[in-house]
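Input: a single structure, listed below in C-alpha coordinates.
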Amino acid sequence: MALGEIGNFIRGSGIQKSDFKESGAGCIHYGQIHTHYGVWAKATKSFVSPEYAARLRKARKGDLVIATTSEDDEAVAKAVAWLGDEDVSVSTDAYIFHHTMNPKYVAYFFQTQDFQSQKKSHITGTKVRRISGERLAKIRIPVPPLEEQERIVAILDTFDALVNDLSSGLPAEIRARRQQYEHYRDRLLAFKEAA
(Lines give C-alpha, C1' and ligand atoms only; values in the text may rest on other atoms or scores of the structure.)
Protein backbone atom coordinates (compact mmCIF):
# COMPACT_ATOMS: atom_id res chain seq x y z
CA MET A 1 0.00 0.00 0.00
CA ALA A 2 1.31 3.52 -0.76
CA LEU A 3 2.22 5.72 2.22
CA GLY A 4 -0.19 8.32 0.83
CA GLU A 5 -3.03 5.79 1.21
CA ILE A 6 -2.42 5.24 4.92
CA GLY A 7 -1.68 8.81 5.98
CA ASN A 8 -0.78 12.33 4.95
CA PHE A 9 2.39 14.41 4.90
CA ILE A 10 2.44 17.91 6.40
CA ARG A 11 5.47 20.14 5.96
CA GLY A 12 6.99 21.49 9.16
CA SER A 13 7.27 25.23 9.76
CA GLY A 14 10.10 27.70 10.31
CA ILE A 15 12.32 26.81 13.24
CA GLN A 16 15.91 28.06 13.12
CA LYS A 17 18.56 27.10 15.64
CA SER A 18 18.54 30.77 16.71
CA ASP A 19 14.93 30.20 17.92
CA PHE A 20 16.04 27.59 20.51
CA LYS A 21 15.47 28.32 24.21
CA GLU A 22 16.73 26.60 27.37
CA SER A 23 13.20 25.42 28.13
CA GLY A 24 9.68 25.86 26.81
CA ALA A 25 7.75 23.94 24.17
CA GLY A 26 9.51 20.93 22.64
CA CYS A 27 10.66 21.10 19.03
CA ILE A 28 12.47 18.88 16.56
CA HIS A 29 14.84 20.51 14.07
CA TYR A 30 15.43 18.44 10.93
CA GLY A 31 19.21 18.36 11.53
CA GLN A 32 18.70 16.71 14.91
CA ILE A 33 16.90 13.79 13.22
CA HIS A 34 20.24 13.02 11.57
CA THR A 35 22.43 13.59 14.63
CA HIS A 36 20.44 13.06 17.83
CA TYR A 37 17.34 10.89 17.42
CA GLY A 38 17.01 7.17 16.86
CA VAL A 39 13.94 5.22 15.74
CA TRP A 40 11.65 6.90 18.28
CA ALA A 41 11.64 9.69 20.87
CA LYS A 42 9.55 10.74 23.87
CA ALA A 43 11.50 13.90 24.72
CA THR A 44 13.04 16.64 22.62
CA LYS A 45 16.59 17.91 22.65
CA SER A 46 15.49 21.49 21.93
CA PHE A 47 12.78 23.96 22.88
CA VAL A 48 11.20 27.15 21.59
CA SER A 49 9.12 29.68 23.46
CA PRO A 50 5.48 28.66 23.98
CA GLU A 51 4.37 31.82 22.14
CA TYR A 52 6.44 30.91 19.08
CA ALA A 53 5.36 27.25 19.26
CA ALA A 54 1.70 28.30 19.12
CA ARG A 55 2.27 29.44 15.50
CA LEU A 56 4.12 26.29 14.35
CA ARG A 57 2.98 22.98 12.86
CA LYS A 58 3.18 20.11 15.29
CA ALA A 59 3.55 16.36 15.37
CA ARG A 60 1.20 14.45 17.64
CA LYS A 61 1.95 11.27 19.56
CA GLY A 62 2.31 8.48 17.00
CA ASP A 63 3.32 10.71 14.07
CA LEU A 64 6.60 10.32 12.22
CA VAL A 65 8.92 13.29 11.85
CA ILE A 66 10.95 12.90 8.65
CA ALA A 67 14.05 14.86 7.65
CA THR A 68 13.58 15.73 3.98
CA THR A 69 17.04 17.08 3.17
CA SER A 70 20.58 15.77 3.46
CA GLU A 71 23.90 15.84 1.66
CA ASP A 72 23.63 12.13 0.85
CA ASP A 73 20.82 9.95 -0.44
CA GLU A 74 20.93 7.42 2.39
CA ALA A 75 20.11 10.03 5.04
CA VAL A 76 17.28 11.66 3.06
CA ALA A 77 13.95 10.74 4.69
CA LYS A 78 15.44 9.55 7.99
CA ALA A 79 12.45 9.27 10.31
CA VAL A 80 11.78 9.30 14.03
CA ALA A 81 8.49 8.18 15.59
CA TRP A 82 7.27 10.81 18.06
CA LEU A 83 5.95 9.00 21.16
CA GLY A 84 5.90 11.90 23.62
CA ASP A 85 2.65 12.90 25.31
CA GLU A 86 2.91 16.57 24.25
CA ASP A 87 2.67 17.79 20.68
CA VAL A 88 6.05 18.84 19.30
CA SER A 89 6.87 21.63 16.82
CA VAL A 90 8.66 20.55 13.63
CA SER A 91 11.08 22.56 11.47
CA THR A 92 10.66 23.40 7.80
CA ASP A 93 13.00 20.82 6.23
CA ALA A 94 10.96 18.03 7.77
CA TYR A 95 7.57 16.45 7.23
CA ILE A 96 5.06 15.25 9.77
CA PHE A 97 3.45 11.96 8.72
CA HIS A 98 0.00 11.44 10.29
CA HIS A 99 -1.05 7.81 9.93
CA THR A 100 -2.95 4.99 11.65
CA MET A 101 -0.24 2.31 11.84
CA ASN A 102 2.12 1.37 14.66
CA PRO A 103 4.52 4.36 14.63
CA LYS A 104 7.62 2.31 15.40
CA TYR A 105 6.71 -0.16 12.64
CA VAL A 106 6.63 2.69 10.11
CA ALA A 107 9.88 4.21 11.48
CA TYR A 108 11.62 0.83 11.24
CA PHE A 109 10.32 0.45 7.67
CA PHE A 110 12.03 3.75 6.78
CA GLN A 111 15.35 2.05 7.65
CA THR A 112 14.85 -0.97 5.37
CA GLN A 113 16.58 -1.68 2.06
CA ASP A 114 13.12 -1.80 0.47
CA PHE A 115 12.43 1.79 1.51
CA GLN A 116 15.94 2.92 0.54
CA SER A 117 15.64 1.47 -2.96
CA GLN A 118 12.13 2.86 -3.50
CA LYS A 119 13.04 6.41 -2.45
CA LYS A 120 16.07 6.71 -4.78
CA SER A 121 13.98 7.62 -7.84
CA HIS A 122 12.11 10.27 -5.81
CA ILE A 123 15.15 12.23 -4.55
CA THR A 124 15.96 15.53 -6.25
CA GLY A 125 18.72 18.14 -6.02
CA THR A 126 22.45 18.10 -6.58
CA LYS A 127 24.51 19.31 -3.62
CA VAL A 128 21.59 19.23 -1.18
CA ARG A 129 19.45 16.15 -1.74
CA ARG A 130 15.75 16.32 -0.87
CA ILE A 131 12.46 14.48 -1.12
CA SER A 132 8.96 15.97 -1.10
CA GLY A 133 5.87 14.78 0.73
CA GLU A 134 4.19 14.12 -2.62
CA ARG A 135 7.00 11.77 -3.60
CA LEU A 136 7.13 10.10 -0.18
CA ALA A 137 3.41 9.39 -0.55
CA LYS A 138 4.16 7.14 -3.54
CA ILE A 139 6.46 4.78 -1.63
CA ARG A 140 4.85 1.42 -0.88
CA ILE A 141 4.85 -0.17 2.59
CA PRO A 142 3.71 -3.65 3.64
CA VAL A 143 0.63 -3.32 5.86
CA PRO A 144 0.17 -6.40 8.04
CA PRO A 145 -2.53 -6.45 10.76
CA LEU A 146 -1.80 -4.22 13.77
CA GLU A 147 -1.03 -7.25 15.99
CA GLU A 148 1.64 -8.37 13.51
CA GLN A 149 3.08 -4.84 13.38
CA GLU A 150 3.35 -4.90 17.19
CA ARG A 151 5.03 -8.33 17.13
CA ILE A 152 7.57 -7.13 14.56
CA VAL A 153 8.25 -3.97 16.60
CA ALA A 154 8.83 -6.02 19.78
CA ILE A 155 11.43 -8.16 18.00
CA LEU A 156 13.17 -5.15 16.42
CA ASP A 157 13.13 -3.23 19.73
CA THR A 158 14.91 -6.16 21.39
CA PHE A 159 17.58 -6.28 18.70
CA ASP A 160 17.92 -2.49 18.77
CA ALA A 161 18.50 -2.56 22.53
CA LEU A 162 21.11 -5.30 22.19
CA VAL A 163 22.95 -3.46 19.44
CA ASN A 164 22.66 0.17 20.52
CA ASP A 165 22.14 0.35 24.28
CA LEU A 166 25.43 -0.38 25.98
CA SER A 167 23.93 -0.02 29.45
CA SER A 168 21.26 -2.70 28.94
CA GLY A 169 22.12 -4.37 25.65
CA LEU A 170 25.68 -5.43 26.36
CA PRO A 171 24.96 -6.82 29.85
CA ALA A 172 21.91 -8.66 28.47
CA GLU A 173 24.02 -10.12 25.67
CA ILE A 174 26.73 -11.17 28.14
CA ARG A 175 24.11 -12.85 30.36
CA ALA A 176 22.61 -14.67 27.36
CA ARG A 177 26.04 -15.91 26.22
CA ARG A 178 26.90 -16.97 29.79
CA GLN A 179 23.65 -18.95 30.05
CA GLN A 180 24.31 -20.49 26.65
CA TYR A 181 27.84 -21.40 27.72
CA GLU A 182 26.63 -22.92 31.00
CA HIS A 183 23.94 -24.91 29.19
CA TYR A 184 26.37 -26.38 26.66
CA ARG A 185 29.07 -26.88 29.28
CA ASP A 186 26.66 -28.84 31.44
CA ARG A 187 25.42 -30.88 28.48
CA LEU A 188 28.92 -31.63 27.22
CA LEU A 189 30.21 -32.59 30.61
CA ALA A 190 27.25 -34.75 31.62
CA PHE A 191 28.27 -38.38 31.14
CA LYS A 192 26.17 -41.37 31.94
CA GLU A 193 27.87 -43.71 34.33
CA ALA A 194 28.81 -47.09 32.92
CA ALA A 195 26.70 -49.86 34.38
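The values are calculated or read from the model by the stated rules, or taken from the named source; none is laboratory data. Remember, it's a predicted structure, so these values are computed and weren't measured experimentally. Because the Cβ atoms are built from the backbone with ideal geometry, glycine has one as well, and the counts that use them run over all protein chains shown. To get the accessible areas, we keep the full protein, side chains included, count just its heavy atoms, and leave off ligands, DNA and RNA. Shrake-Rupley method; radii C 1.70, N 1.55, O 1.52, S 1.80 Å.
Between region 32-65 and region 72-100, the C-alpha centres lie 8 angstrom from each other. Calculated accessible area for the chain comes out at 59 Å² per residue, all protein chains present (probe 1.4 Å; ligands, DNA, RNA ignored).
Overall, the ratio between the Cα radius of gyration of region 1-69 and 2.2 N^0.38 Å, rounded to two decimals, is 1.16. Of the trypsin sites (Lys or Arg not before Pro) found in region 20-53, those in coil by DSSP whose Cβ has at most 16 other Cβ atoms within 10 Å are Lys42, Lys45. Working note: Debye formula, equal point scatterers on the alpha-carbon atoms of the chain, no solvent; log10 I(q)/I(0) at q = 0.11, 0.13, 0.14 Å⁻¹ is -0.56, -0.73, -0.82.
When the solvent-accessible area of the chain is split by element, carbon and sulfur atoms take up 53 percent of it, the probe being 1.4 Å. Could you give the angle, 0 to 90 degrees to the nearest 10, between helix 169-188's Cα long axis and the longest principal axis of the Cα atoms of the chain? That helix lies at roughly 20 degrees to the long axis. Here is the P(r) of region 89-142: all C-alpha pair distances, binned every 10 Å from 0, give 20, 55, 24, 2 in whole percents. In this structure, the residue pairs whose Cα-Cα separation is over 26 Å, taken from Lys42/Lys127; Lys78/Lys127; Lys21/Lys104; Lys104/Lys138, are Lys42/Lys127; Lys21/Lys104.
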